[in-house]
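This report refers to the structure that appears directly beneath it.
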Amino acid sequence: MRAPMRVHVLAAVAALLLLPPVVACKDQAKESARLASGDVANLGALVEKDVGEIERGLPVGATKLGSLLANGADPKQDVAGVRKALLQVRRQVQDLDVAKSTFFALADTNGVAIRNDLEEDVMAGQNLFSIFPALAKAKDVYTTATGAFPNAPAKNGPDEDWIAGTPVKRADGTTGAVFVTGWTYRFFARHLQASLQDELTEQARKTGDEGKIPVFYVAVFDKSGVYPAPTTPQVNEKALGGVDLVGQTAAGPAQGTLNITDRGFGWAAVRTPKLAPDTGVVVLRSEL
């Protein structure tokens, strides 16, 4: 190599080595934000699909549960039969069988839970209409609500509950009970994160970069807070909580960068109105 050319090459290498780490970190974080925007768009579509399964399946299941009210029967007098019917209905209705719900339950027309399909029922006796006032409309039509069950375990921090309900009709057309289902936002975020994990793993396999899957986290957010999957470090959760994701996404999808424990991250967020108003999903991602 000629001496002048060698000098130019060495100068270029030296310039790269002298580039401040924070600049490189910011550039990487911007790229992570760009990639996260694609991830979160796909998850937004998945949220619509998941909620759509409940929206379609719950009324169908409620029709099948009408047998619990036949001939003036009172479901409260046969809670074991109620649980059996709930388990059967979930298996019989395809949308409910694949739904991401953590429970299915039957409540009376005052909103008091009679029985759910879980082996241990801590919901029985709670007034769901008091906890989720918007759910009272479920006496007449399919509806959804958000809130938080009192005294629920909080080992991963505060959580939000999403719940849906629809009327169960008697033979004469009057409402005799309410069919209810739901999930917590942290549980739902874990489902979304697992889906993204599968997608990124498949992308890496196709390109031969199995060892280059980025670090990433998924969370559901609304005005009450940010609810990431249970494995998310608290420092990351706190950082996302300071972004004002509801405000950032008011006009549409948004993205940005964060420095968390000296690591550059990109984030992207999108609203998911089918889940609930002022609610959305955020992806936090780092390629380092």
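Each of Leu46, Thr207, Leu96 was placed along the dipole of the chain (beta-carbon charges, centred on the mean Cα), and the one lying farthest toward the positive end is Thr207.
Any of Lys49/Lys84; Lys76/Lys137; Lys169/Lys223 with alpha carbons more than 24 Å apart? Name them for me. Distance filter (> 24 Å) returns Lys49/Lys84; Lys169/Lys223.
Treat region 91-135 as a sphere of radius equal to its Kirkwood radius over Cα pairs and apply Stokes-Einstein at 4 °C in a medium of 1.567 mPa s; give the translational diffusion coefficient in µm²/s, rounded to a whole number. For the chosen part, D equals 113 µm²/s.
Take each peptide in 136-142, 158-164, 204-210, count the other Cβ atoms within 10 Å of every residue, and average; sorted highest first, the result is 158-164, 136-142, 204-210. Each Lys and Arg contributes +1 and each Asp and Glu -1, all at the Cβ; summed about the Cα centre of the chain, the dipole is approximately 500 debye. Placing +1 on the Cβ of every Lys and Arg and -1 on the Cβ of every Asp and Glu, with no other charges, gives region 202-288 a dipole of roughly 140 debye about its Cα centre.
Under 5 Å between amide hydrogens, built in the peptide plane, is the criterion, and for Ala177 it picks out Val168 among residues at least 5 positions away or on other chains. The spacing between region 42-93 and region 248-282, judged by their C-alpha centroids, is 33 Å.
Along the axis of the charge dipole computed for the chain (Cβ charges of +1 for Lys and Arg, -1 for Asp and Glu, origin at the Cα centre), the listed residues Asn151, Gly125, Ile260 are led at the positive end by Ile260. Every helix of 4 or more DSSP H residues in the chain counts as -39500 (n - 2.57), and over all residues that averages to -13000 deg cm²/dmol at 222 nm.
The C-alpha radius of gyration of the chain, expressed as a fraction of 2.2 N^0.38 Å, stands at 1.29. Of all aspartates and glutamates in the structure, those lying under 13 Å Cα to Cα from Lys139, and not within fewer than 8 positions of it along the same chain, are Asp108. Placing +1 on each Lys and Arg Cβ and -1 on each Asp and Glu Cβ, with no other charges, gives region 53-184 a dipole about its Cα centre of roughly 260 debye. State which helices in the chain qualify, where a helix is a whole DSSP H run, it must extend 15 Å or more along its own axis by its Cα atoms, and its mean Kyte-Doolittle hydropathy must be at least 0.0. Span-like helices, by this rule, are 3-17. Distance from the Cα centroid of region 139-165 to that of region 173-236 is 17 Å (rounded to whole angstrom).
Straight-line reach from Lys30: taking Cα to Cα under 22 Å and skipping same-chain neighbours fewer than 8 places apart, the lysines in range are Lys212, Lys238.
Taken together, the values in this text are just the output of simple stated rules run on the coordinates, not laboratory data. For clarity, every value in this text was computed on a predicted model and none was experimentally measured. Neighbour counts run over all protein chains shown; Cβ positions are idealised from the backbone, glycine included.
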